[in-house]
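Written out below as structure tokens is the structure these notes cover.
Read-outs: derived from the displayed coordinates by stated rules, not from any lab. This is a predicted model, so every value here is computed, not measured. With ideal geometry, Cβ positions are generated from the backbone for all residues, glycine too; neighbour counts draw on all protein chains shown.
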Amino acid sequence: MLHVINIKVINMKLTAEISCYPLQDNYLDPIKWFIGRVDSYNNIHRVTNAMATQVCGEYAEVMAMLATEMEAAHEKWGKAVFVCKFIGGELDLSHSE
């Protein structure tokens, strides 16, 4: 007897907020560079304001992008502090009050 099992694959979304603090006098160039790199990921939605960058996408893709781009930033620019906040799920990044 053959049993068919229906498996529903659920792709978990992740929303993250990232702030980058390069430890150098010329801090704007590394920040703009990092945002440009994040923007190159077509499957990850990005919104930037004066304080931070928010991203939203598939959980694994967001985490992989952050690991790749934070490492690249440290290799290119040296010391920098990244402060990240994560919430499971997809938030409306266009929301404003």
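Just one of the numbered conditions (1) over 17 Å from residue 37 (Cβ atoms); (2) in a helix (DSSP H, G or I); (3) of a type in the set (A, V, I, L, M) is not true of residue 87: (2). Tallying residues that are in contact with a Gly (Cβ under 6 Å, 6 or more places away or on another chain) and among the hydroxyl-bearing types (Ser, Thr, Tyr) within region 21-50 yields 0.
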